[in-house]
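All remarks here apply to the structure that follows.
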């Protein structure tokens, strides 16, 4: 009988230790591993630009698409860190910019559409 009592107390002790270990936060917990790109699109000829965005990671080749909101703003969250080609298309006009995003970065990138940009 003493043997079963020892097994129970050892199991309880192990469970308590495991619970304490798992409840201690580590340095990596809660850190962002991606970046967010946001901004606005303007065009002198209209008040509200409903533009299409295409973001292409040059290393991974994985495209992401987005559209501006009613206020001509856009947000593209959860982008892995890396180099990107950002292309914006609005009313037959196209603008492109290259951008590098670091881990946990929140970068603003605005675009002004005009007939001279390609």
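The values are calculated or read from the model by the stated rules, or taken from the named source; none is laboratory data. Small disclaimer: the values here were computed from a predicted structure and weren't measured. Cβ placement follows ideal geometry from the backbone for every residue including glycine, while neighbour counts extend to all protein chains displayed.
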Might you check whether a residue that is under 17 Å from the mean Cα position of the chain (by Cα), surrounded by 10 or more Cβ atoms within 10 Å (Cβ to Cβ) and at pLDDT below 95 occurs anywhere in the stretch 15-32? yes
Could you run through the stretch 45-89 and say how many residues are surrounded by fewer than 17 Cβ atoms within 10 Å (Cβ to Cβ), at positive phi, assigned to a loop (DSSP other than H, G, I, E, B) and touching a strand residue (DSSP E or B) at 6+ places or on another chain (Cβ under 9 Å)? 0
Pick from the stretch 92-113 the residues that are surrounded by fewer than 12 Cβ atoms within 10 Å (Cβ to Cβ) and in a loop (DSSP other than H, G, I, E, B): which of them is modelled with the lowest pLDDT? 92
